[in-house]
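A short write-up of the structure that comes next.
The values are calculated or read from the model by the stated rules, or taken from the named source; none is laboratory data. Computed from a predicted model, the values in this text were never measured in an experiment. Every residue, glycine as well, gets a Cβ built from its backbone with ideal geometry; the counts of neighbours run over all protein chains shown. Protein only, heavy atoms only, side chains kept; ligands, DNA and RNA dropped before computing areas. Shrake-Rupley method; radii C 1.70, N 1.55, O 1.52, S 1.80 Å.
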Amino acid sequence: ASSSLNAAGVLPDDCVVLEPLDVLAPQAGDVVVTVGDGTVCGYRFFPPHLLPVSTDPGCRPTPIERANVAGVAVHVTRCLRA
């Protein structure tokens, strides 16, 4: 993961497990991940927008129809000891 999900409690070295949209449709408030233009970003799903879950000021709300949503975040895994 990157810092794009830090306000959702996801740390940079965490792994986020996604369910594709054809398996799990997002509901209001779900964390979704988008991909495109070499970036991966995390958002809260609040139709008609995706709202950033990051403290990065460069992250801005995005209309859902403009986003390439890869899936709904369902789990986060974190290594407790390296």
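Residue-wise test of (1) touching an Asp or Glu at 6+ places or on another chain (Cβ under 9 Å); (2) open to solvent by less than 80 Å² (accessible area, probe 1.4 Å); (3) polar (S, T, N, Q); (4) assigned to a strand (DSSP E or B).
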position: S4; (1), (2), (3), (4): yes, yes, yes, no
position: L18; (1), (2), (3), (4): no, yes, no, yes
position: D22; (1), (2), (3), (4): no, no, no, no
position: V32; (1), (2), (3), (4): no, yes, no, yes
position: V40; (1), (2), (3), (4): no, no, no, yes
position: Y43; (1), (2), (3), (4): no, yes, no, yes
position: T55; (1), (2), (3), (4): no, no, yes, no
position: C59; (1), (2), (3), (4): no, yes, no, no
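Scan the stretch 61-76 for residues that are within 17 Å of D13 (Cβ to Cβ) and either surrounded by 11 or more Cβ atoms within 10 Å (Cβ to Cβ) or touching a His at 6+ places or on another chain (Cβ under 6 Å) (or both) and report the count.
Summing the residues that are within 17 Å of D13 (Cβ to Cβ) and either surrounded by 11 or more Cβ atoms within 10 Å (Cβ to Cβ) or touching a His at 6+ places or on another chain (Cβ under 6 Å) (or both) in the stretch 61-76 gives 2.
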